[in-house]
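J.: Please see the structure below; I have some questions.
Please treat every number below as a calculation from the coordinates, not as lab data. Predicted, not measured: the structure shown is a model, and the values here were computed from it. Positions of Cβ are backbone-derived with ideal geometry, glycine not excepted, and every protein chain shown enters the neighbour counts.
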Amino acid sequence: MGLFGRIRESLSRTKQQIVERFEEIVGRADQPERRSRPVDVETLEALEELLISADIGVAATDRIVSAVRQRTRGGESLRELVKQEILRIFEQVPQPSPTTVSPAVTLIVGVNGTGKTTTVGKLAKLLASEGKHPLICAADTFRAAAVEQLEIWAHRAHVDIVRARDGSDPAAVVFDAISAAKARGRDPILVDTAGRLHTRVNLMHELEKIRRVAAREVPGAPHDVLLVLDATVGQNGLQQAREFTSVAGVNGIVLTKLDGTAKGGVAVSIAHDLKLPIRYVGVGEGIDDMVPFSATEYVSGLFEDKW
């Protein structure tokens with residue numbers, strides 16, 4: 001199975017949760033005797049209930065149902081209309097321009113418990129498998145366990161790691177990591193930051209200091225700020241994303257634990273509500289279980305032909 005095929009596989013719980021209900025809707029809306037007239041109110045209400053139950057969110061659901069209502073005509077498949085509108089939502093999200101600067105600096109941010117530290121290790125392994133030479137920076141100096149965990153992941157991924165003593169200034173560790181990356185020819189630098197809640201003002205100030213140091217050492221740094229969100233949290237994670245975006249300059253999302261939830265539709269909500277691209281998704285617990293996000297494969301995972 002290819003990388004993108006694993007996205008489809010990870011959505012099995014979401015698909016199982018909604019398949020029966022969707023078949024009922026399709027059976028009602030697509031029966032031959034009804035194809036000559038628009039989908040009725042009852043069908044649209046059932047579709048709305050289904051999409052919200054999959055955690056697609058109220059705003060995105062309203063858009064999809066509205067599009068179906070406007071575009072449905074005799075002979076058109078309800079499923080295809082829904083698929084097309086979800087793909088449009090993803091396609092309309094602005095994508096960041098790739099940087100040509102080396103070493104590129106990527107900050108990994110998020111609250112504790114989202115899988116942030118393991119994401120850094122898995123992402124390093126993925127980038128290494130693509131022929132890149134990443135370096136991990138352990139800038140979460142407040143939790144010794146986090147640094148030790150990251151060292152294990154770095155060893156498993158066969159990539160370099162720069163760390164400091166517990167309690168060191170995280171910005172100083174970032175400076176050391178950038179210096180090491182330049183000397184060793186490593187690129188990109190993946191910076192694991194301390195887990196933050198947006199209400200922790202001191203931690204947000206620390207993050208700003210890291211940004212200033214990185215920008216001083218590498219033009220345009222940080223080039224990416226990836227926010228790690230736990231897919232099992234669903235809509236509650238969107239508020240975290242809004243707060244982090246406002247203070248940290250987030251330009252991409254890493255959605256973890258997609259395989260562990262029946263509400264994988266949250267990816268649609270992220271794209272629609274936040275206008276942020278989902279860059280990577282976690283599809284398991286192993287080191288190879290981080291894959292680039294593909295909207296096409298994601299939608300295929302929700303709407304397989306056998307439906």
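J.: Go ahead and run the numbers for FRET between GLU42 and SER97, Cβ-Cβ distance against an R0 of 45 Å, rounding to 0.05.
T.: Numbers: r = 46 Å, r/R0 = 1.02.
With a Förster radius of 45 Å, E is 0.45.
J.: Enumerate the whole-percent occupancy of each 10 Å bin, from 0 to the last occupied one, for all C-alpha pair distances of the stretch 161-239.
T.: Final binned percentages: 16, 45, 28, 11, 0.
J.: Roughly what % of Cα-Cα distances in the stretch 65-174 sit above 20 Å, to the whole percent? It would help to have the intermediate numbers written out before the result.
T.: Values: 3449 of 5995 pairs.
So the pairs more than 20 Å apart make up 58 percent of the total in the stretch 65-174.
J.: Next up: Using the Karplus curve 6.51 cos²θ - 1.76 cosθ + 1.60 with θ = phi - 60°, what ³J(HN,Hα) values do you get for each residue of the stretch 240-257, in whole Hz, with x for Gly and Pro?
T.: After applying 6.51 cos²θ - 1.76 cosθ + 1.60, I find 4, 4, 4, 5, 5, 4, 6, 10, 10, x, 4, 10, x, 10, 10, 9, 9, 6 Hz.
J.: Still on this structure, please answer the following. Could you pull the Cα extents of the stretch 107-248 along its three principal axes, largest to smallest, in whole Å?
T.: Extents along the principal axes: 40, 30, 28 Å.
J.: Viscosity 0.890 mPa s, temperature 25 °C: give me the Stokes-Einstein translational D for the chain in µm²/s, with Rh taken as the Kirkwood radius over C-alpha pairs.
T.: My calculation gives 120 µm²/s for D.
J.: May I pose another question? Over the stretch 248-294, consider all pairs of different Cα atoms and compute the Kirkwood hydrodynamic radius from their mean reciprocal separation; express it in Å, one decimal. Walk me through the intermediate numbers first.
T.: Values: mean 1/r = 0.0893 Å⁻¹.
It works out to 11.2 Å.
J.: Helix-only estimate, please: 222 nm mean residue ellipticity of the chain, summing -39500 (n - 2.57) across DSSP H runs of length 4 or more and dividing by its residues, to the nearest 500. Before the final figure, lay out each step's value.
T.: Numbers: 12 runs with 150 residues, N = 307.
After summing the helix terms and dividing by residue count, I get -15500 deg cm²/dmol.
J.: Quick one: compute a quarter of the convex hull surface over the Cα atoms of the stretch 178-307 and quote it in nm². Provide the component values of the computation, followed by the final result.
T.: On the way: hull surface 38.5 nm².
Dividing the Cα hull surface by four gives the mean projection, 9.6 nm².
J.: Something else: Do the alpha carbons of any pairs in LYS83/LYS132; LYS209/LYS275; LYS15/LYS275; LYS83/LYS275; LYS182/LYS275 sit beyond 29 Å of each other, and which pairs? Don't skip to the end; give the middle numbers.
T.: On the way: LYS83/LYS132 34 Å; LYS209/LYS275 26 Å; LYS15/LYS275 24 Å; LYS83/LYS275 19 Å; LYS182/LYS275 33 Å.
With Cα atoms farther than 29 Å apart: LYS83/LYS132; LYS182/LYS275.
J.: Per-residue HN-Hα couplings for the stretch 43-54, Karplus 6.51 cos²θ - 1.76 cosθ + 1.60 at θ = phi - 60°, whole Hz, x for Gly and Pro?
T.: After applying 6.51 cos²θ - 1.76 cosθ + 1.60, I find 5, 5, 5, 5, 5, 4, 4, 5, 5, 5, 5, 8 Hz.
J.: While we're looking at this one, here's another question. Based on the Cβ-Cβ distance from ASP176 to SER53, what FRET efficiency comes out when R0 is 45 Å, to the nearest 0.05?
T.: Details: r = 48 Å, r/R0 = 1.07.
Computed FRET efficiency for ASP176 and SER53 comes out at 0.40.
J.: In nm, to one decimal, how far is the ALA215 label point from the ARG156 one, both placed 7 Å along Cα→Cβ?
T.: Those two pseudo-labels are separated by 3.6 nm.
J.: Taking the Cβ-Cβ separation of GLN16 and GLU285 as r and a Förster radius of 22 Å, what is the calculated FRET efficiency to the nearest 0.05?
T.: Values: r = 20 Å, r/R0 = 0.91.
The value I calculate is 0.65.
J.: Using only the Cα atoms of the stretch 202-272, build the gyration tensor, take square roots of its eigenvalues as a ≥ b ≥ c, and label the shape rounded, prolate or oblate: rounded if a/c is under 1.5, else prolate if a/b is larger than b/c, else oblate. Display every interim value, and only then the final one.
T.: Working: a/c = 2.81, a/b = 2.29, b/c = 1.23.
Prolate.
J.: Which loop trypsin sites (Lys or Arg not before Pro) in the stretch 65-123, with loop taken from DSSP, have no more than 12 other Cβ atoms within 10 angstrom of their Cβ?
T.: Details: sites: ARG69, ARG71, ARG73, ARG79, LYS83, ARG88, LYS116, LYS122; in loops: ARG73.
In loop regions of the stretch 65-123 (DSSP not H, G, I, E or B), the sparsely surrounded trypsin sites (Lys or Arg not before Pro) are ARG73.
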